[in-house]
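The values are calculated or read from the model by the stated rules, or taken from the named source; none is laboratory data. Small disclaimer: the values here were computed from a predicted structure and weren't measured. Every residue, glycine among them, receives a Cβ derived from its backbone with ideal geometry; neighbour counts consider all protein chains shown. Just the protein is used for accessible areas: all its heavy atoms, side chains included, with ligands, DNA and RNA removed. Shrake-Rupley method; radii C 1.70, N 1.55, O 1.52, S 1.80 Å.
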Amino acid sequence: MTKDRHGFDCDVAIVGAGPTGMTAAVLLAARGIRVSVFERRTTTSDEPKAISLDDEALRVYQQAGIVDDLMAVIVPGIGTRYFDRKGEELFQARAAVPYRFGYPFKNPFAQPDLERVLAQSLQAHSLITLHFDSEVVGLTQGETGVSLSVKRGQDAVTVTSRYALAADGGRSTVRTLLGVAMTGRRYDTPWLVADTLGDPHTERYGMHFGDPRRPHVIVPGLHGRCRYEFLLHPGEAEAGKPPSFELIKKLVAPYREIEPDQVERAVNYTFNGLNATTWRVKRTFLLGDAAHMMPPFAGQGLNSGIRDANNIAWKLAEVVSGAADDDILDSYEAERQPHAAATIRASEKLGRVVMTTSPRLAEHRDRAVRRALDTADGRAFFEEMRYRPVARIDTGLVHRGSRPELVGSVIGQPRVFDSASHQVVMLDRILGSGWAVIGVGVSADQWREGKRIADCTAATTVHAPLDDKWPRGMPVDRVMIDVDGGLGRELAPYSGKFLLIRPDKIIAAVWDTSETDTVCAVVSRWSTRPGSN
């Protein structure tokens, strides 16, 4: 590795080349940051652990420039179907607004395929070095950087970086070295998970069966792959030990015949609901399973790790490039830890209710859900998955202002006509990878005020009319036009206002010209650019 003029081997060192660590690497490199990734395994994992990528995660990979490669290894999914205690369908949970973020909603995949695509992307990028067979065994931190002790075979080297990310899993070495504890609960009930080949299932949705005699989950994948997960009864098997083929054959028998060579992977496992007490120690940050572990029932373990990577990557890029002070990095934990905690609680609750082994509770659950489905609010709650915690930010790099309900969530990604390229594109093609200011149905005079906020963050300025007229004389970088009603639906609540969009596509502020001074004072604290002073 070549040291920079400050003596660092890289800008950011990442410990762990699982999906979360590699996602952080490609996001950082896409923003011009030099990254080194260290993985103690000799290659990517061949264990299909995670099983579902949501639409927000695919949008993150769009920002990294690799989403087209990943689309080749997913099933374009439509959600989850829940079945009652008798095996009869209760409801289908799917996106409230299909394709709102520009991609299918909940997409089955095999983790080895994802890791292979990510590793190829890392190895092809000039700003990333990926080191397998490299175990981090020590870490020290100073005022300006981090030193990692890395063991490679019989050799040991020291690697220096400005910052470090710990994405080394639930048994994180870095978390242990930092002395960070985790709070929450460990669950003792074992489950059998079997990834199978040659399966007859072709559904594009996961299936949760709430049979109290044997709660189980089925998630079909690509090319005849299928995951089965079964709750195990006492004495059937022991967690941490491989299940017998006879047990696998017995459990999948209601759905298929199976031969030993059709079992790709099978383990007995228990799960945890844990959250790290702190996600930042000086210049090192925890993300993914190193920061939080959650039950699998909401399908949000890996997706939460991808949200972590998306949140910290752009902030590190701002700091390393000199566009912001180190203080903004404190917002990472403030923004991500509460949502992770809420997702853990929701996953635990979903598991208790959907996967109960109590016949009485299962009967009560089925009756209650069917009653709720007879009402509009009940159908929306279940079928639009409103029981999942909303990833809304209340504290951190957001200004809640006079309309706090409009701030802190991810903006959708409709298709729009772009005045610069004269093409129909998805929204993020216009917003770019940095900050953006959108003016919704505002005048040219109002834009002169709106541009004050854009100057603070070097933001792309985008005008969005809500009528059917072509705007003229707007002092902006781009104009975008609604082509199918999607942009109008997304921006209707913001008519006559400006939106400040962060690089991770979260709405950081909403204001009109009367609030410009207040917003400018807040946003200027997030940036060291000349326009922010």
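In segment 37-49, how many residues are surrounded by fewer than 24 Cβ atoms within 10 Å (Cβ to Cβ) and either within 16 Å of Gly16 (Cβ to Cβ) or polar (S, T, N, Q) (or both)? Step through it out loud before you land on a result.
Pass one, segment 37-49, residues surrounded by fewer than 24 Cβ atoms within 10 Å (Cβ to Cβ): 40-49.
Checking which are either within 16 Å of Gly16 (Cβ to Cβ) or polar (S, T, N, Q) (or both) leaves us with 40-45, 47, 49.
Count: 8.
Filter segment 57-113 for residues that are modelled with pLDDT of 95 or more and of a type in the set (Asp, Glu); which is most open to solvent (accessible area, probe 1.4 Å)?
Asp68
Return the only residue of Ile258, Ile218, Ile248 being open to solvent by less than 20 Å² (accessible area, probe 1.4 Å), in a loop (DSSP other than H, G, I, E, B), within 11 Å of Ala194 (Cβ to Cβ) and at pLDDT 95 or above.
Working: Ile218 fails: in a loop (DSSP other than H, G, I, E, B); Ile248 fails: in a loop (DSSP other than H, G, I, E, B).
Sole residue among the options that is open to solvent by less than 20 Å² (accessible area, probe 1.4 Å), in a loop (DSSP other than H, G, I, E, B), within 11 Å of Ala194 (Cβ to Cβ) and at pLDDT 95 or above: Ile258.
So which residues in segment 481-502 are in a strand (DSSP E or B) and touching a Pro at 6+ places or on another chain (Cβ under 9 Å), if there are any at all?
Passing the criteria: Ile481, Asp482.
Working only within segment 383-419, note down all residues that are among the β-branched types (Val, Ile, Thr) and in a loop (DSSP other than H, G, I, E, B).
Quick first cut of segment 383-419, residues among the β-branched types (Val, Ile, Thr) only: 390, 393, 395, 398, 407, 410-411, 416.
Selection gives Val390, Ile393, Thr395, Val398, Val407, Ile411.
Give the number of residues within segment 148-170 that are among the charged types (D, E, K, R), surrounded by fewer than 19 Cβ atoms within 10 Å (Cβ to Cβ) and modelled with pLDDT of 95 or more. Can you show your working first?
Step one: list which residues in segment 148-170 are among the charged types (D, E, K, R), which gives 151-152, 155, 162, 168.
Restricting the remaining residues to those that are surrounded by fewer than 19 Cβ atoms within 10 Å (Cβ to Cβ) gives 151-152, 155.
Those still in the list that are modelled with pLDDT of 95 or more too: 151.
Residues that pass the stated criteria total 1.
Which of the residues belonging to segment 462-486 are surrounded by 14 or more Cβ atoms within 10 Å (Cβ to Cβ) and farther than 27 Å from Tyr61 by Cα?
Pro465, Leu466, Pro471, Met474, Val476
Of all residues in segment 223-245, count the ones that are in contact with a helix residue (DSSP H, G or I) (Cβ under 8 Å, 6 or more places away or on another chain) and either without any contact (Cβ under 8 Å) to a residue 12 or more places away in the chain or not in a strand (DSSP E or B) (or both). So that I can check it myself, show each step before the final result.
So in segment 223-245, the residues in contact with a helix residue (DSSP H, G or I) (Cβ under 8 Å, 6 or more places away or on another chain) come out as 228-230, 236-237, 245.
Checking which are either without any contact (Cβ under 8 Å) to a residue 12 or more places away in the chain or not in a strand (DSSP E or B) (or both) leaves us with 236-237, 245.
Counting residues in segment 223-245 that are in contact with a helix residue (DSSP H, G or I) (Cβ under 8 Å, 6 or more places away or on another chain) and either without any contact (Cβ under 8 Å) to a residue 12 or more places away in the chain or not in a strand (DSSP E or B) (or both) gives 3.
Any residue in segment 405-417 that's more than 21 Å from Thr395 (Cα to Cα): show its pairings with residues that are modelled with pLDDT under 95 and buried (at least 21 other Cβ atoms within 10 Å of the Cβ) at Cβ separation under 6 Å, as long as the two are six or more apart or on different chains.
Between residues of segment 405-417 that are more than 21 Å from Thr395 (Cα to Cα) and residues that are modelled with pLDDT under 95 and buried (at least 21 other Cβ atoms within 10 Å of the Cβ), there is no close pair.
Please verify whether segment 120-133 includes one or more residues that are farther than 30 Å from Leu197 by Cα and among the polar types (S, T, N, Q).
yes
Could you please give the count of residues in segment 344-382 that are in a helix (DSSP H, G or I), open to solvent by less than 70 Å² (accessible area, probe 1.4 Å), farther than 21 Å from His292 by Cβ and not hydrophobic (A, V, I, L, M, F, W, C)?
3
Which of the residues that make up segment 29-42 are modelled with pLDDT of 95 or more and β-branched (Val, Ile, Thr)?
Ile33, Val35, Val37
Tell me, which residue of segment 224-238 that is within 34 Å of the chain's Cα centre (by Cα) and under 18 Å from Met355 (Cα atoms) is most open to solvent (accessible area, probe 1.4 Å)?
Ranking the candidates gives His233 first.
How about segment 182-215: which of its residues are surrounded by 14 or more Cβ atoms within 10 Å (Cβ to Cβ), outside any loop (DSSP other than H, G, I, E, B) and touching a Leu at 6+ places or on another chain (Cβ under 8 Å)?
Met182, Gly184, Trp191, Leu192, Ala194
Look at Leu70 and say whether it is within 22 Å of the chain's Cα centre (by Cα), over 30 Å from Lys151 (Cα atoms) and not aromatic (Phe, Trp, Tyr). Walk me through how you get there before you give the answer.
Working: within 22 Å of the chain's Cα centre (by Cα): yes; over 30 Å from Lys151 (Cα atoms): yes; not aromatic (Phe, Trp, Tyr): yes.
Yes: the conditions hold for Leu70.
Only one residue in Asp428, Asp366 is out of contact with any Asp or Glu (no Cβ under 8 Å at 6 or more places or on another chain) and either under 28 Å from Ile501 (Cα atoms) or at pLDDT 95 or above (or both), so which one is that?
Details: Asp366 fails: out of contact with any Asp or Glu (no Cβ under 8 Å at 6 or more places or on another chain).
When all the criteria are applied, what remains is Asp428.
Step by step: first the residues of segment 420-461, then only those that are part of a helix (DSSP H, G or I) and hydrophobic (A, V, I, L, M, F, W, C), then the one that is most open to solvent (accessible area, probe 1.4 Å). Which residue is that? Please lay out each step first, then the result.
Taking segment 420-461 as the starting set, the residues that turn out to be part of a helix (DSSP H, G or I) are 427-431, 444-457.
Next, only the ones that are hydrophobic (A, V, I, L, M, F, W, C) stay: 427, 430-431, 444, 447, 453-454, 456.
Details: Leu427: 2, Ile430: 3, Leu431: 1, Ala444: 24, Trp447: 0, Ile453: 0, Ala454: 5, Cys456: 0 Å².
So, considering only residues that are part of a helix (DSSP H, G or I) and hydrophobic (A, V, I, L, M, F, W, C), the one most open to solvent (accessible area, probe 1.4 Å) is Ala444.
Give the residue that is most open to solvent (accessible area, probe 1.4 Å), with candidates limited to residues of segment 268-282 that are in a loop (DSSP other than H, G, I, E, B) and under 16 Å from Arg171 (Cβ atoms). Quick ask: steps written out before the conclusion?
Looking only at segment 268-282, we keep the residues that are in a loop (DSSP other than H, G, I, E, B), and these are 270-271, 277-279, 282.
Now restrict to residues that are under 16 Å from Arg171 (Cβ atoms): 270-271.
Values: Thr270: 56, Phe271: 24 Å².
Ranking the qualifying residues of segment 268-282, first place goes to Thr270.
Across segment 132-147, which residue is surrounded by the fewest Cβ atoms within 10 Å (Cβ to Cβ) among those that are in a strand (DSSP E or B) and among the hydroxyl-bearing types (Ser, Thr, Tyr)? Lay out the reasoning, then the answer.
First, pick out the residues of segment 132-147 that are in a strand (DSSP E or B): 135-141, 146-147.
From the residues that got through so far, the ones that are among the hydroxyl-bearing types (Ser, Thr, Tyr) too are 140, 147.
Numbers: Thr140: 12, Ser147: 17.
Applying the filter and picking the extreme gives Thr140.
For a quick check of your reading of the model, give me the residue pairs whose first member lies in segment 508-525 and is under 14 Å from Pro404 (Cα atoms), whose second is open to solvent by less than 10 Å² (accessible area, probe 1.4 Å) and part of a helix (DSSP H, G or I), with beta-carbon atoms closer than 7 Å and at least 6 apart or on different chains.
Correct list of pairs: Ala509/Val519; Ala509/Val523; Trp511/Val519; Val519/Ile453.
Among the residues of segment 487-503, which ones are open to solvent by 10 Å² or more (accessible area, probe 1.4 Å) and touching a residue at least 24 places away in the same chain (Cβ under 8 Å)? Give the steps one after another, and end with the answer.
As a first pass, look at segment 487-503 and keep what is open to solvent by 10 Å² or more (accessible area, probe 1.4 Å): 488-490, 492-497.
Of everything in segment 487-503, those that are open to solvent by 10 Å² or more (accessible area, probe 1.4 Å) and touching a residue at least 24 places away in the same chain (Cβ under 8 Å) turn out to be Arg489, Glu490, Ala492, Pro493, Tyr494, Ser495, Gly496, Lys497.
Restricting to segment 293-330, what's the tally of residues that are without any contact (Cβ under 8 Å) to a residue 60 or more places away in the chain, surrounded by 23 or more Cβ atoms within 10 Å (Cβ to Cβ) and over 19 Å from Gln63 (Cα atoms)?
Final tally of qualifying residues: 1.
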